[in-house]
1. A:LYS177 is checked against (1) touching a residue at least 12 places away in the same chain (Cβ under 8 Å); (2) within 12 Å of another protein chain (Cβ to nearest Cβ) and fails just one. What number does that condition carry?
2. How about the stretch A:198-299: which helices (runs of 4 or more DSSP H) wholly inside it have at least 2 residues that are over 28 Å from A:ALA39 (Cα atoms)?
3. Return only the number of the condition from (1) out of contact with any Phe, Trp or Tyr (no Cβ under 9 Å at 6 or more places or on another chain); (2) more than 8 Å from chain B (Cβ to nearest Cβ); (3) under 15 Å from A:ILE37 (Cα atoms) that A:GLY142 does not satisfy.
4. In the list A:GLU72, A:GLU31, which residue meets the criterion of being touching a helix residue (DSSP H, G or I) at 6+ places or on another chain (Cβ under 6 Å) and modelled with pLDDT of 95 or more?
5. Within the group A:THR78, A:THR30, which residue is surrounded by fewer than 20 Cβ atoms within 10 Å (Cβ to Cβ) and hydroxyl-bearing (Ser, Thr, Tyr)?
6. Filter the stretch A:72-94 for residues that are of a type outside the set (Gly, Ala, Ser) and within 13 Å of another protein chain (Cβ to nearest Cβ) and give the result.
7. Could you tell me how many of the residues in the stretch B:8-44 are within 26 Å of B:LEU307 (Cα to Cα) and hydroxyl-bearing (Ser, Thr, Tyr)?
8. State yes or no: is B:GLY201 crowded, with 24+ Cβ neighbours inside 10 Å, within 16 Å of B:VAL48 (Cβ to Cβ) and without any contact (Cβ under 8 Å) to a residue 60 or more places away in the chain?
2 protein chains.
Amino acid sequence: MSWDLPIRKELNMVEEEIKRCVQSQQQLLTEISMHVIGAGGKRIRPGVSILCYKAVGGTEVSNVIGIAAAFELIHSATLIHDDINDGGTIRRGKVSAFRKYGVQLALVAGDFLFVKGFRAGGSFSKEVVEIIADSCACMAEGEILQVGHINDPSTSIDTYFKIIEGKTAKPIEASAKVSAFLGGGSPNVIEALGFYGLNLGMAFQIMDDILDIVGKEDILGKPKGMDFSDGTPTLPIILAMEDGYKGKRLSKLFEKKKKRRWEIEEALKILMESDAIQLSKEKALEFSNKAIESLSILKPSVYEEALKTLARTVVERES
Amino acid sequence: MSWDLPIRKELNMVEEEIKRCVQSQQQLLTEISMHVIGAGGKRIRPGVSILCYKAVGGTEVSNVIGIAAAFELIHSATLIHDDINDGGTIRRGKVSAFRKYGVQLALVAGDFLFVKGFRAGGSFSKEVVEIIADSCACMAEGEILQVGHINDPSTSIDTYFKIIEGKTAKPIEASAKVSAFLGGGSPNVIEALGFYGLNLGMAFQIMDDILDIVGKEDILGKPKGMDFSDGTPTLPIILAMEDGYKGKRLSKLFEKKKKRRWEIEEALKILMESDAIQLSKEKALEFSNKAIESLSILKPSVYEEALKTLARTVVERES
């Protein structure tokens, strides 16, 4: 079963809501927004929102559509800004917004999507707005920590976990918590689903970082080895750098600001031959299992089942 | 009398609130934020907020401090992103954030300030959040329109007014309206103060654009002729380009993507010798007068007087 099967209708409603949100009298803003949003993506954040809302017994779906759209809009804003920062040329199989439209327009379009996300999420109570805003602050904190460790071979695993918790896991935790709250979940249930979102996010990001090394480029929709090339310290890279004399060689390559194509190829070879991929997969699975365990608080339902499936899918995916 | 005299205490409270908002476990985020915010600035937006709140009879000052901080935080976010987009090296007499910290950190810090602004403004009712978010969307729309007319000598005065309405006047209109609403103003009063903010913002931006040509660099805190150099079409530049054979020469210089120092000097000379500065000042004064007229709905008070003084100060300032 595909995880999104029971909520296809709701996910379509979210797409419609997102399209409505990015309408602007400046058509270029709408165009750049839809360039990114329309390119696809897994819609994990809205999916988690809707499933959590339904799993706790929420019935008035229109309530959660705005929240789901808000998180996807904010996520899309960060994708545009991240690409500017990484110099990322390909995103979701398409040329990235800043490459197509230039830095100036992409930067403004990112701000526009942020604003629209906040507007969509801002029509709820103070508590909801604060959870959303705080998760966004965590995103910025994760990003800034990552920027501080670019090309740094001494980045610790703890720092890595702190980075991905901020930039990926906290917003998914927030979307789960807010949706469970809106659906009428008890404080314990809200907490448990927050924990689900947090661990799902960690598993998701670790898998992303693994796929950057082992994935198939046509399925990924972007070239392999981007993280290494950009100097982004990921779990498999950190683990492999700690591993013997080959690790030392990898560290030397990693700390170079400009890496040549053959150096990236050499790094990918070292990474593939190390235990780092396997160890990272085990770590991702561990987080995925923690996410699944935290669902035991829920009554069995097709939505609870889908949340489990999602946590499993995240660590089995190929893109 | 200085316009901020009756609200010095409240403006200090806003400074404290802003400092509190930008605290982060990532000290670098706080540092970059304070680099921009601590460099000064005229605090027009928080000033308008507090004066409007008090002028309509609002008494619970703590209510408006959050809103005032929100608008200044959002404004600071756009300053950081604008500097990235313009390549602006000097801001408020200090080196700009992106020059000091690099594009990556500055971009994230801008996002962080956006988020903190929304958090500060998000603890109010749905209506308030929507007014704030909509004014921010107008800002993005104004910016994108401006980017589309960079180095374009055929930019019309109407387009210029649309640009500055979006990027400057709409947020000031929003801060006036929201504050009058929170202070308990009637719908007519809220509307009138919104009109005040809108016209004040137009006058303010036109004066900014004039000072970029005629200002003293040590008072401005940045070099002269930046707008012409960046290819930003401003009212004095547009008016001067329409003016005879010298205007044709100015247009030729304006459309060059890379302008040499002597070309900017020549342009400044043409601008200074034209009627464009005087005509632009008259336009700014017209907006300032409209702002003052809209205050007639208020009961006389020290705050109403200060709003008038502010509108006069804006068109008489030297920086």
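The values are calculated or read from the model by the stated rules, or taken from the named source; none is laboratory data. Please read all numbers here as calculations on a predicted model, not as lab measurements. With ideal geometry, Cβ positions are generated from the backbone for all residues, glycine too; neighbour counts draw on all protein chains shown.
1. All conditions are met except number (2).
2. Details: elements: A:217-220, A:226-230, A:235-241, A:244-254, A:261-273, A:276-293.
Fully inside the stretch A:198-299 and qualifying: A:235-241, A:244-254, A:261-273, A:276-293.
3. Answer for A:GLY142: the failing condition is (3).
4. Numbers: A:GLU31 fails: touching a helix residue (DSSP H, G or I) at 6+ places or on another chain (Cβ under 6 Å).
Exactly one residue qualifies, and that residue is A:GLU72.
5. One residue alone meets the criteria, A:THR30.
6. As a first pass, look at the stretch A:72-94 and keep what is of a type outside the set (Gly, Ala, Ser): A:72-75, A:78-86, A:89-92, A:94.
Across the stretch A:72-94, the qualifying residues are A:LEU73, A:ILE74, A:HIS75, A:THR78, A:LEU79, A:ILE80, A:HIS81, A:ASP82, A:ASP83, A:ILE84, A:ASN85, A:ASP86.
7. Counting residues in the stretch B:8-44 that are within 26 Å of B:LEU307 (Cα to Cα) and hydroxyl-bearing (Ser, Thr, Tyr) gives 0.
8. Details: crowded, with 24+ Cβ neighbours inside 10 Å: yes; within 16 Å of B:VAL48 (Cβ to Cβ): yes; without any contact (Cβ under 8 Å) to a residue 60 or more places away in the chain: yes.
Yes, satisfied.
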